[in-house]
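Throughout, read-outs are computed from the coordinates displayed, never taken from laboratory work. Source: prediction; values computed, not measured. Reconstructed Cβ throughout: ideal geometry from the backbone, glycine too, with neighbour counts over all protein chains shown.
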Amino acid sequence: MTTTDTSTDRRPDGTDPERGVADIGPGATADSPPAGEPGGAVAGAIETSTTVASHLHPGGSFEVDDHPVPTGREEVWRFTPVKRLRPMFEPVPTDDLAVEHEVSVPHGVVQGVLAPGQAPRGTVLVPADRPAAIASAQAGEALHLQVPAEHVATEPIRITVTGRGADRRSNAHYVVEAGAHSEATVVLHHQGSAQHNANLEVVVGDGARLTVISVQDWDADALHTGQHEARVGRDASYQHIAVSFGGDVVRLQSNVSYAGPGGRAELLGLYFVDGGQHIEHRLFVDHNTPKSESNVDYRGALQGAGAHAVWIGDVLIRKAAEGIDTYESNRNLVLTDGCRADSVPNLEIETGEIAGAGHASTTGRFDDEQLFYLRSRGIDETEARRLVVHGFFADIIRRIGVDEVEELLLAAVERELEITVGVPAAPTA
Amino acid sequence: MATLEIKDLHVQVETESGPKPILNGVDLTIRSGETHAIMGPNGSGKSTLAYSIAGHPKYQVTSGSVSLDGEDLLEMTVDERARAGLFLAMQYPVEVPGVSVANFLRTAKTAIDGEAPKIRTWVKDVTTAMEKMQLDSSFVQRSVNEGFSGGEKKRAEIAQLELLNPKFAVLDETDSGLDIDALRVVSDGVNRFTGQGDRGVLLITHYTRILRYIKPDFVHVFVRGKVAEQGGPELAERLEAEGYDRYLRESAGA
C-alpha cells in the first residue's frame with residue numbers, strides 16, 4: 001500500500017487515510033462507541049523522504065495562515081467542538097491580565113528568556129495546528145529553563161499558570177532544556193480560568209532524564225490548547241504526564257521524536273471528564289531513530305451527560321527506526337449514561353525490523369465481577385466502586401513520583417468520585 | 001449457635017433462549033459447628049448454589065428461601081449478606097487491578113466489624129494469616145489476585161476466611177487445581193476455622209480428595225440442581241469407589 005496524499009488531512013471522498021485499529025476491547029456501551037473506525041488493517045508502509053513524513057501528521061508550519069481556521073471536518077479536528085474553541089483560532093495578542101505565571105526554580109537550574117527565533121526555541125517544535133502556530137507567533141519572549149549538563153535537580157521546577165478570566169486570552173511558549181546526563185522534573189500546573197494557548201518545547205540531552213507533568217486543574221469555563229513537543233537525545237529518558245480534570249475544552253498534544261538511538265519516552269495521562277466537558281489528548285510518537293522506545297498509557301473516567309473524552313495515539317515507525325519497541329494503550333471507564341469516549345490508536349509502520357509494536361483501547365463500564373467480589377467481603381457498593389476507580393488510576397498515579405502531585409491527584413479523584421459514586425464512608429483509622 | 005437454612009430453593013439464569021432453571025428445590029440446613037460437603041458431577045448446579053447464597057446478580061431466585069439465624073438472606077444485598085456473617089471462597093477469585101491486598105483486607109475487615117481494626121494488632125494478624133497460608137509477605141502490597149497463580153488465589157481466599165472469620169463459609173471448589181502441598185495448606189486453614197467449634201462450612205467439591213484432610217459431618221450428593229442423597233462421611237467413600245454414574249442414571253430415568 002502506498003499513499004503520497006499528505007497534502008490534506010482528509011481525502012476527497014471523505015474517508016480517512018488508512019489506519020490500523022486493533023485490540024479494541026469489550027464493553028463499549030451505546031453511549032461510548034468503540035474506538036476507531038472501520039478500515040484497513042495496520043497501515044501500510046509509505047514511501048518516505050524528508051518532505052513526506054507521515055500522512056497522519058503532514059508537516060507543520062510556523063505560518064498561521066498555513067493553518068486555515070478549522071471547520072470541524074478536518075481529520076485532526078473532527079472530534080473537537082470547534083465552535084466552543086473558536087476564540088483560540090483568532091491570532092490575537094496576549095491580554096496581560098489573562099494569566100499569572102509563577103516560576104520556581106531549584107538550585108542550579110537556570111531561568112531565562114528566548115526571543116522569537118532564538119535557538120533552541122523553534123528547533124524542536126514546529127506548530128502542528130493553528131492554535132500552536134498562533135501561540136508561537138504571539139508569545140513574544142519564551143520562558144527558558146535550562147538544567148545544566150550532569151546537574152541533578154533535587155526539587156521540581158514549578159511553573160504555575162493561574163488564569164484570571166475566562167474571556168481573556170494568553171499566548172505562551174516555554175522551552176525546557178535538559179543538559180546531557182542531567183535529571184529534573186517540571187511541574188506545569190494550570191488553574192483558574194483563561195483562554196490559554198501555550199506551547200512547550202523540550203530538549204532532552206543525551207543520557208538525560210526528564211519528567212514533565214502538566215496538570216489541567218482549570219475552572220469549568222477555561223479553554224486550553226497546546227502543543228508539547230519533545231526531542232529525546234541518545235539514551236535519554238523522557239516522561240510526559242498529562243493530568244486533566246478541569247476546563248470547558250482542553251486540547252493538548254504531546255509529541256515526541258528522537259535525536260539519537262536508545263532514547264525512551266513514556267507518555268502517561270489521567271483524566272476525569274464531567275458532564276459537558278471536552279478533554280482531548282493527542283499523542284504523536286515519531287520513531288525516527290533505531291532502538292528507541294515508547295510507552296503510552298492514558299486512562300480516563302467519564303461521568304455526566306455530554307462528557308466527551310478524545311484520545312488519539314499516533315505512532316510512526318520510520319524506515320530508519322529498526323529495533324524500536326512501542327506500545328500504546330488507552331482505557332476509559334464510563335461511570336454514567338450520556339458520555340462519549342473516542343479512542344483512536346494508529347500505527348504507521350515503515351519497517352518490519354522492530355522489537356515490538358502494539359496498541360490497545362478499551363472503553364467500558366464497571367466490571368460487575370469486581371464489584372461482586374468486593375461486596376461479597378462486606379464492602380458496600382459505594383466503597384467498592386471507589387476502590388475500583390482508585391485502582392483503575394493507581395498504576396498511573398504510582399508512576400508520577402512527585403508527592404505533591406500524587407496528593408493533588410488523589411484528592412481530585414476523590415472530589416470527582418463524590419459526584420456520582422458517593423461520599424466516603426465514615427473515616428477509618 | 002447459628003443456622004444457615006436453605007428451603008426449596010429454585011434458581012434460574014437468563015440465557016439467549018430464555019430463562020434456564022438450574023436449582024430445582026434445594027433443602028439444606030447447616031448449624032454452626034457443622035461441616036457439610038456437597039459433591040456432585042460437573043453442571044449439577046453446585047456453584048450456582050454457592051453464588052445464589054452469596055447473592056450474585058446473575059442468578060435469579062424464583063422460589064424458596066435462604067435464611068441465616070432466621071433472617072432472610074435473599075432480601076439482603078451482597079455486602080449485607082457478608083456483614084450478616086456469610087463468606088464465599090470463590091472457585092475463580094476475581095482480579096481487582098490497582099487495589100492492594102492490604103487495602104482490600106482492611107476495608108473488608110472494617111466493613112464486617114463496623115469499625116476499623118486496631119492498627120498494631122491488625123498488621124500482625126495479616127502477616128500471620130499470610131504466613132499460615134504460605135504466602136509471602138509481599139503479597140499484601142500486590143493488587144488483589146492480580147498475577148497470582150491459581151494456587152495462590154485459593155490460598156489468599158482462605159487467608160481472608162481466617163481474617164474475616166464469618167459465621168458460615170461456603171467454599172466453592174477451593175480444592176480444584178491445587179497440588180497436594182497447597183491442598184494441605186488450604187485444608188489446614190479450613191480446619192483452623194472450624195476448630196473454633198462454632199463455625200459452619202459448606203464445602204463444595206467435585207473430588208473426594210479434599211475430604212481426606214477436611215472431615216465432613218454430612219455429605220450431600222448434588223445432581224441436576226437438587227440433593228439426591230445425603231449421609232455421613234461414609235457416603236464420600238462410596239462416591240470415591242462408585243462415582244456419580246448411579247445418580248445420573250437414576251435421575252435420567254426418573
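A few points about this structure:
- Only helices enter the 222 nm calculation for the protein assembly as shown: every DSSP H run of n ≥ 4 contributes -39,500 (n - 2.57), and dividing by all residues gives -6500 deg cm²/dmol, rounded to 500.
- What the Cβ-Cβ distance of A:Asp221 and A:Gln111 gives, at R0 = 25 Å and to the nearest 0.05, is a FRET efficiency of 0.20.
- Where Rh is the Kirkwood radius over Cα pairs, Rg/Rh for the protein assembly as shown: 1.06
- Subset of B:Lys46/B:Lys167; B:Lys58/B:Lys132; B:Lys58/B:Lys167 violating a 28 Å alpha-carbon distance limit: B:Lys58/B:Lys132
- Gain on full extension, evaluated as 0.36 nm per residue between A:Arg398 and A:Leu410 minus their Cα-Cα distance, stands at 3.3 nm.
- Relative contact order, percent, segment B:193-239 [alpha-carbon distance under 8 Å, six or more residues apart]: 28
- Amide N proximity, segment A:127-144 versus A:Thr71 label position 7 Å along Cα-to-Cβ, cut-off under 20 Å: A:129-131
- Each Cα pair under 8 Å and six or more residues apart adds its sequence gap; the mean of these over the residue count of chain B is a relative contact order of 27 percent.
- Relative compactness, segment B:108-240, computed as alpha-carbon Rg over 2.2 N^0.38 Å: 1.14
- Normalised alpha carbon radius of gyration of segment A:280-429 [divisor 2.2 N^0.38 Å]: 1.25
- Distance (nanometres) between label positions extended 7 Å along Cα→Cβ at A:Arg86 and A:Ala355: 5.0
- Placing dummy labels 7 Å off each Cα toward the beta-carbon, the span from A:Asp337 to A:Thr123 is 5.6 nm.
- Residue by residue, segment B:41-49 carries 3J(HN,Hα) couplings of x, 4, x, 7, x, 4, 5, 4, 4 Hz when phi is fed to the Karplus relation 6.51 cos²θ - 1.76 cosθ + 1.60 (θ = phi - 60°); x denotes Gly or Pro.
- Within segment A:309-348, the proportion of Cα pairs with more than 11 Å between them is 70 percent.
- Subtracting the Cα-Cα distance of A:Arg365 and A:Lys319 from their residue separation scaled by 0.36 nm leaves 12.6 nm.
- Note that segment B:210-217 has calculated 3J(HN,Hα) couplings of 5, 6, 6, 9, 10, 8, x, 7 Hz, one per residue in order, obtained from phi through the Karplus relation 6.51 cos²θ - 1.76 cosθ + 1.60 (θ = phi - 60°); glycine and proline are x.
- Debye-sum result for chain B in log10 I(q)/I(0), which assumes one identical scatterer on each alpha carbon, at q = 0.17 Å⁻¹: -1.39
- For A:Ser254, residues with placed amide H under 5 Å, excluding near neighbours: A:His228, A:Arg282, A:Leu283, A:Phe284
- Amide H to amide H distances under 5 Å link A:His181 with A:Glu150, A:Asp206, A:Gly207, A:Ala208, where only residues 5 or more positions off or on other chains count and H is placed in the peptide plane.
- Counting only Cα atoms, the size of segment A:138-205 along its three principal axes is 43, 23, 13 Å, in decreasing order.
- Counting 0.36 nm for each residue step from B:Glu250 to B:Lys58 and taking away their Cα separation leaves a gain of 66.1 nm.
- Computed over segment A:71-197, the convex hull of the alpha-carbon atoms projects to a mean area of 8.5 nm².
- On the basis of the beta-carbon distance and an R0 of 25 Å, B:Asp179 and B:Glu240 show a calculated FRET efficiency of 0.80.
- Note on B:103-113: average number of Cβ atoms from other chains within 10 Å of each residue's Cβ is 5.
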